[in-house]
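Engineer: Supplied in structure tokens, the structure appears directly below.
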């Protein structure tokens, strides 16, 4: 069975790039997980654990408010150009948010940055999921999604440990810079596949592909 799994670790190029994008993005943000509450309490004057919890709630509220309307709009438009651009915008906003944490000194500034973070992931999640879903390998939907899940699990396992060590050794800012850098690298990775997502003019023997939805899941 193990040999079967090894042989099956071949999936299409778009899925490969998108798994890699997710891996870098959440490796960067995973560095923040063990240190954010400590950062809020120790670094921001007058802040408490309540403010750390309020910041987390504000992030999820913003993300939830943005995500459904964004997903609905992307579903209504044919093709993947909108998905692609929204995905890039989300990643660049994520990079900006991570870097901005290094500039936070007040509670209000903290809340402003987590709103940007929520907006970033509220745009990223539906755009990434939409393109990823349309490019799933036929008859391997569960495997492709599981590959991304395993990648995120590995990223979280390693980055959580590394993030705590780096913050303890070098301070908080190195974590924010790395999270910002990894988010930007995720955008660069996506930029390397636009011709796959939007095929150019096809040769006569190759019809233009408008959408890559697997036939088995198309309407």
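The values are calculated or read from the model by the stated rules, or taken from the named source; none is laboratory data. In this text the structure is predicted, and so the values were computed from the model without any measurement. Quick reminder, even Gly has a Cβ in these numbers, built from the backbone with ideal geometry, and neighbours come from all protein chains shown.
Engineer: Checking the structure you have, find out if any residue of the range 88-100 is without any contact (Cβ under 8 Å) to a residue 12 or more places away in the chain and either surrounded by fewer than 17 Cβ atoms within 10 Å (Cβ to Cβ) or in contact with a strand residue (DSSP E or B) (Cβ under 7 Å, 6 or more places away or on another chain) (or both).
Structural biologist: No, the range 88-100 contains no residue that is without any contact (Cβ under 8 Å) to a residue 12 or more places away in the chain and either surrounded by fewer than 17 Cβ atoms within 10 Å (Cβ to Cβ) or in contact with a strand residue (DSSP E or B) (Cβ under 7 Å, 6 or more places away or on another chain) (or both).
Engineer: Does residue 144 satisfy the condition of being over 27 Å from residue 62 (Cβ atoms), at pLDDT below 90, surrounded by 13 or more Cβ atoms within 10 Å (Cβ to Cβ) and over 14 Å from the mean Cα position of the chain (by Cα)?
Structural biologist: yes
Engineer: Regarding residue 184, is this residue surrounded by 15 or more Cβ atoms within 10 Å (Cβ to Cβ), more than 21 Å from residue 34 (Cα to Cα) and either touching a strand residue (DSSP E or B) at 6+ places or on another chain (Cβ under 8 Å) or modelled with pLDDT of 95 or more (or both)?
Structural biologist: Yes, satisfied.
Engineer: Using beta carbons and a limit of 9 Å, which pairs, at least six apart or on different chains, have the first residue in the range 42-61 and in contact (Cβ under 8 Å) with a residue 40 or more places away in the chain and at positive phi and the second one part of a loop (DSSP other than H, G, I, E, B) and surrounded by 12 or more Cβ atoms within 10 Å (Cβ to Cβ)?
Structural biologist: As it stands, the answer is 46/106, since those pairs meet every condition given.
Engineer: Among the helices (runs of 4 or more DSSP H) lying completely within the range 4-89, list those that include at least 3 residues that are at pLDDT below 90.
Structural biologist: Ranges flagged: 13-30.
Engineer: Then there is this: Looking at 124, 111, which one is part of a helix (DSSP H, G or I), in contact (Cβ under 8 Å) with a residue 12 or more places away in the chain and surrounded by fewer than 18 Cβ atoms within 10 Å (Cβ to Cβ)?
Structural biologist: 111
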